[in-house]
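Readers should treat all values here as calculations from the given coordinates under stated rules, not as data from a laboratory. As the structure is a computational prediction, the values presented were derived from the model and not from experiment. Counting neighbours? That spans all protein chains shown, and the Cβs are built from the backbone with ideal geometry, glycine included.
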Amino acid sequence: MSTHSTSGNTTLDEVTGEPLGGANASTVPAAEHKGSGPLPPRRRRAGSVPRTRLTVALLGLVLPVLLLLVWHLLSTNGFYSPVQLPQPSAVLGAGWELLRSGDLWVHVGISTQRVVVGFMLGSALGLAVGALVGLSPWARILAGPTVGALRAVPSLAWVPLLLLWIGIGENSKVTLVAIGAFFPVYTTVSAALQHVDGQIVEAARSFGIRGVRLFTTVQLPAVLPAVISGLRLALAQAWLFLVAAELLGSSMGLGFLLTDSQNNGRTDRLLLAIVLLAVLGKLTDALIGVFERWTQHRWGSAPAT
Amino acid sequence: MSTHSTSGNTTLDEVTGEPLGGANASTVPAAEHKGSGPLPPRRRRAGSVPRTRLTVALLGLVLPVLLLLVWHLLSTNGFYSPVQLPQPSAVLGAGWELLRSGDLWVHVGISTQRVVVGFMLGSALGLAVGALVGLSPWARILAGPTVGALRAVPSLAWVPLLLLWIGIGENSKVTLVAIGAFFPVYTTVSAALQHVDGQIVEAARSFGIRGVRLFTTVQLPAVLPAVISGLRLALAQAWLFLVAAELLGSSMGLGFLLTDSQNNGRTDRLLLAIVLLAVLGKLTDALIGVFERWTQHRWGSAPAT
Amino acid sequence: MRHVLTRPDTALDAAAVSFENLGKSFPSRDGRYEQPVLTDVSFRVEPGEIVTVLGPSGCGKSTLLRAVGGLSAPTSGAVRIDDDVVSGIDPRCAVGFQEPRLLPWRTITKNVELGLPARTPSGTGRRRVAELLDLVELTHHAGHRPGEVSGGMAQRASLARALARNPRVLLLDEPFGALDALTRIRMQDLLLQVHRADPTTVLMVTHDVEEALVLSDRVVVLTRETPTSPATVAEVLAPDLARPRSRDDTRLTAMRTHLLRLLGVER
Amino acid sequence: MRHVLTRPDTALDAAAVSFENLGKSFPSRDGRYEQPVLTDVSFRVEPGEIVTVLGPSGCGKSTLLRAVGGLSAPTSGAVRIDDDVVSGIDPRCAVGFQEPRLLPWRTITKNVELGLPARTPSGTGRRRVAELLDLVELTHHAGHRPGEVSGGMAQRASLARALARNPRVLLLDEPFGALDALTRIRMQDLLLQVHRADPTTVLMVTHDVEEALVLSDRVVVLTRETPTSPATVAEVLAPDLARPRSRDDTRLTAMRTHLLRLLGVER
Amino acid sequence: GEGPGRGVAGGSADEIYLDYATYNPLSLIIKSKGWLEKVAAEHGQSVTWVYSAGSNKANESLRAGVVDVGSTAGSAALLARANGSPIKTISLFSQPEWSALVRTAASPVRAVADLAGKSVAVTKGTDPYFFLLQSLKAAGMSAEDVTVTNLQHADGRTALDSGRVDAWSGLDPIMAASEQNGDVLFHRKLEYNTYGFLNVREVFLRLNPTGAQDVVNTYAYARSWAARHRDEGIEVLAEAAKIDLDTATRVWHRTHLDIDPVPGEKQLAVLREVGPILVDSGDVPSQQDVDDALAGIVEQHYAQSADADAAARAIEGNAP
Ligand SMILES: Nc1ncnc2c1ncn2[C@@H]1O[C@H](COP(=O)(O)OP(=O)(O)OP(=O)(O)O)[C@@H](O)[C@H]1O
Ligand SMILES: Nc1ncnc2c1ncn2[C@@H]1O[C@H](COP(=O)(O)OP(=O)(O)OP(=O)(O)O)[C@@H](O)[C@H]1O
Ligand SMILES: [Mg+2]
Ligand SMILES: [Mg+2]
């Protein structure tokens, strides 16, 4: 249960804050090198993992830049016509145009707001219901099947229903985004809770820790990695549902820009919307990364459960 | 690390095959009752969890039946018009009509086929890439950000791109479904792998177990619960993406039925499509439940990591 | 010795533990039959007594302790604490498990705090945890996580957590197994010191015959006929000597040889 | 005693282990300074020797063993196996960890199989695992999962896994800590028997002074000045007696008193 | 399944990929009768049908090259061409009255002028949208005088019926169904509806002019057949659009099929009205794009040389 555990393998990479896995299987774990002064030459490997924040960020850009190059080539070698695949520069131009008219900020701002609010509501609810279903056999038996069925209702199908129940306006849009964010958190949390290490739960219970306190002191920290990957997926799904949400009587937002450009055949704006959604998706995801690092700092290298 | 662990808390519920959590915190764990003969009366609680497969299934129907009742009331008390909210019986009628014409089987069959094939491809790829990114710091640094950005590209945005690259037909539809299935598996697996108990990984590595063998003998079984909740979400998302996929020049399938009924104002068929998607989503999800129970049987009560 | 511990206001009087024809079996691997582990275990631990349990590996000592703590229900018979049949986790007990079972994401201090009785005022609690950490010689590692301390240190943290509870029945499953000779003696002394300050009932599993003799009012020996047959109480020995006892006391040496023979060791 | 073990075809000759001014420190909790744990440890284990390590809890015994297995890199100095500096997990070693570290989802048999050297023919492997399970007295629980066996049984399974490897250097971290007196003696005998059949180099951590004296060619004692200062080798004692040794041998009793005094225990 | 499909901007001299759509009844008839297959077979051509759920979808398919021939509203064709999609209109399939302004039976709204300050549901960029703007303009108002709520067609109806909006600029067949249920079309104007355009990719005209002519010939044949077989035509429509016969009948009567299929000045005149709206809303970058599109969109040759008899020979000749 105890000694040395995490030092051996799941070591914290000091840059990304993420533990390093077993890929460099035959070397001494990276974190052990830290204060170790000059090492015998054999231990320095060409493949050693880069460690500064900047290098990591730059390396992360390699693939996107390559993709951009491929895109540029495909769009200029005549294989695709400009309506089919506009050049990256044309997309940039469309962005510039929207930026000048001030519309870009409106689209980005309102969409981000919808996603953030919806995500907060949906994931909080997902955590609550997931905890209930994960911990209470009764809740699981009664509500599990229904929630499982609702999970497969597509975003587009919610549109007419929400229109009926909530009408148009921000409320229904945020609700739809929240529905999207709910399920990944619900699923991962309820599943992870069923697999928390029984030994430490039993130990905590033997010390009279029950109910909410058991949840917050033992079970929640133990499933934290699962919660975080649930949150990641929830955020991604919030962005996915945004597009459907912005079919609900909307005239601004990136989802609107996307469908509108698709309908109008403005492929440049369409690609702009896709790129913006991807970039915003990744940026908001990075916030979850910050939260993850904070929890790792707070709770030590992530719990092994 | 070892003794009695799972017997204490994470006990296998003999009916659902799922471990029971800490909700009945103050009672003796359920599985311990099994062969215990007559118990002192105090231990039989009114709230004890039902144990036969049938009871569990029936209890799972309570909530849906309630929902159906509410639906019936709302649709008959004049608050909503029949186009806004047709009666359950009208939806049933629409189903019967489609069933008689034989179309229902076509829609259900083709959609199920697309989801199943796409899910298989997408989740297999998600497992592979997730394993790579979860285990190799290099892969994480290089590919992590790009995959994270692609995750937020909405299903509807893929439609024009796939139309360009793959055209219409089964290939592009299955590809879109596979894209939907990819990300949940990727996210949960890559995250879970970074949190596998370092002690047992270290132990296995000290016995010369590395690379693929380390993955299959230690890491994969350890993240199995996460893989399974990833698969659950992937399957759900495959159904979600199906609707977008069936916007790709399709003339059959439940997604087509959904959008087409919406376009034609057939609310009864629209609701039928939603209900069918939910039911099929839940049914295919149950298959994952079977797989989960098989792995639990194979690997004992689920690994605690 | 050292100063007397901060006593939580909730401290209660020691309780008696009685085993009444306790039996426990586990379903076999294939679920087809029940494998009996303990059978017909009957004895009584008086309030404030220190009783140790000896027996071969896998005979059911931990199972016995778990039955008292309400962590696993007996198959037949019952355990009573004072007059109540134990059913479900019993708030009167504190358990020191055979494995340290610390929460890996909490520091040693925070782990020990978990043991404090509910509604301990935070000042009292902090003081008591600090004292206990001092007693188990972990003050220097109070801020470490379980993954950063040695096996023996984790075991001592687990002991401190159980002591923090100040229970009416203290259940300890091999609390000193991972300690070197000196630390072990110091921890035995610590247990006696805590017990003197607050004479609770202690039921403790150990493998060390000498330890059992030095510490306990009575030693319960579990034995079984073959490794697959159920264990039961073979003998209850009362080393009727005043404490502190010298490890070299000849009366103890004789009892030691007797106990070892009971356990199958011939010298 | 019992029959000689099936020997894997891959079995190799025992290797020498030498510590050369080994030092190890860990970053402190706040990362601001390095907390030294071991300093200037130098000694050599000859091929085929059985050497035990004694020392207070938390002094760095496990750390020492981990350095040999290549599980953690020394801060200064080096460990050599034969003539190669250890860097990274060393395939010539097998480690029996202080905790059992069994895979919870595999049966005991399947866990022990993990220890087999790569490319063991499956027939030979199965036979060897069965023999080992018999030797550690777990045949009856071969099909159980780690969660269904007792602490001592898990420890024995872990020992069997390390033995299955038939390594050139066997590293054992308190392999008998959770065993009762009789089982402990039987396991000690088992170790000697395996060693006789296949004289590999054994480096073993123990808390039991008697055990160290009965088993080993040499006993290395680690000590430190204060609980926070680094440990180093205080003495290397060679109980130069033929095996099997009687536990009551007076020469051993003297050495025992000497070692205990070194460890701080005055009787 | 629905076959592997065609990918990456395809096109060949002996294949015809064309769409069918509920808003293009002729396409439904041709497909259900298998006529084009017979006509095309004469020239060794193969035929593949692709479903279009709306003008936007047809345009998307044309853009991606997954269909060679696509049916759209005139305004949608203009929009696509103005935004650079290389398409030509080779024939008209109808002059429909598919949009109108709809209110609920109980609504006090009677005329366009009553809409001032009210909310109207409409799908931006579609014919009902242009219908609304033209109607407002004719009443001396602009989009600023009402609250335009952008909703998909079906959702627009739901919004109207549930009182979330005051009016809906509707589209058939949903509009016909809502009329069936008591809603009222309070403002109708045939001229504000742009025509039904049959568009082809320019590449297709270059690669496979024979195929294009076959399509136009078959449409000509179908047009005359439809005039003679009204009831059967309604049945085909009802079947394909999954609507009841009464609704289908309404739609059929508002879809004027009996027109001169040659695209020309009459259609361009309507589109000239729509053009500035497109520029205003930012859907098209500049008026210049609209003017260029208007100048190049029409290709009259095929419709002018349409030969229904040639199609009839192929179709009836092979008939048993
Ligand atoms: N990963 C780590 N980070 C920080 N300190 C560590 C780490 N691992 C070990 N230590 C420290 O190193 C010291 C020695 O630990 P080690 O486990 O080697 O002791 P040990 O001699 O095996 O003790 P025991 O007999 O109790 O098992 C301890 O003080 C421990 O806190
Ligand atoms: N959950 C379980 N399922 C099946 N068998 C179990 C379970 N828990 C314990 N057992 C069995 O019960 C027996 C007694 O176990 P227990 O842990 O009580 O032994 P112990 O006396 O504490 O041994 P040790 O000294 O090795 O810790 C063992 O044979 C073990 O295999
Ligand atoms: Mg035990
Ligand atoms: Mg140690």
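Observations on the structure shown:
- The relative contact order of region B:87-299 comes to 28 percent, based on Cα pairs under 8 Å that sit 6 or more residues apart.
- Panel order for B:Met252, C:Met153, by other beta carbons found within 10 Å of each beta carbon, from fewest to most: B:Met252, C:Met153.
- Region E:172-255, Rg to Rh (Cα coordinates; Rh as Kirkwood inverse mean 1/r): 1.08
- Cβ-Cβ FRET estimate between E:Ala116 and E:Asp260, R0 fixed at 35 Å, reported to 0.05: 0.35
- Normalised contact order of region D:103-166, rounded percent, pairs of Cα under 8 Å and 6 or more residues apart: 53 percent
- Fewest neighbouring Cβ atoms within 10 Å first, the residues E:Leu245, C:Leu182, B:Leu127 line up as E:Leu245, C:Leu182, B:Leu127.
- Of D:Ala73, D:Ala16, D:Ala242, the one that fluctuates the most in a GNM where chain D has Cα springs shorter than 10 Å: D:Ala242
- Above-threshold pairs, the threshold being 30 Å between Cα atoms, out of E:Lys88/E:Lys118; E:Lys88/E:Lys124; C:Lys61/D:Lys110: E:Lys88/E:Lys118
- Among beta bridges that DSSP assigns inside the protein assembly as shown, antiparallel share in %, nearest 5: 55 percent
- Against chain C, whose longest principal axis is taken from its Cα atoms, helix C:151-164 shows a tilt of about 80°.
- Fraction of the pair-distance distribution of chain D above 30 Å, Cα-Cα pairs, percent: 28 percent
- Globularity ratio of region B:87-299, using Cα Rg and 2.2 N^0.38 Å: 1.18
- In sequence order, calculated HN-Hα J values of region C:175-186 (Karplus, 6.51, -1.76, 1.60; Hz; x Gly/Pro): x, 10, x, 9, 10, 6, 3, 5, 4, 4, 5, 5
- Inter-copy spacing of B:Trp96 label points, which lie 7 Å from Cα along Cα→Cβ, given in nm from shortest upward: 6.5
- Calculated label separations, D:Arg127, copies of the chain, 7 Å along the beta-carbon direction, nm: 6.9
- If you take all other residues with their beta carbon under 11 Å from the beta carbon of B:Thr188, and give Lys and Arg +1 and Asp and Glu -1, the sum is +2.
- Expressed as a fraction of 2.2 N^0.38 Å, the C-alpha radius of gyration for region B:57-134 is 1.70.
- Beta bridges from DSSP with both residues in chain D: antiparallel share about 55 percent, rounded to the nearest 5.
- With contacts taken as Cα pairs under 8 Å at a separation of at least 6 residues, chain E carries a relative contact order of 27 percent.
- Of the residues A:Ile274, B:Gly167, E:Ala222, the one whose Cα sits farthest towards the positive end of the charge dipole of the protein assembly as shown is A:Ile274 (charges of +1 on Lys and Arg Cβ, -1 on Asp and Glu Cβ, taken about the Cα centre).
- Overall form of the protein assembly as shown per C-alpha gyration tensor (a/c, 1.5; a/b vs b/c): prolate
- With neighbour counts taken as other beta-carbon atoms within 10 Å, the residues E:Lys57, E:Lys33 rank, fewest first, as E:Lys33, E:Lys57.
- Remark: label point of D:Arg245 defined 7 Å out from Cα along the Cα-Cβ vector; separations to the same position in other copies 2.8 nm, ascending.
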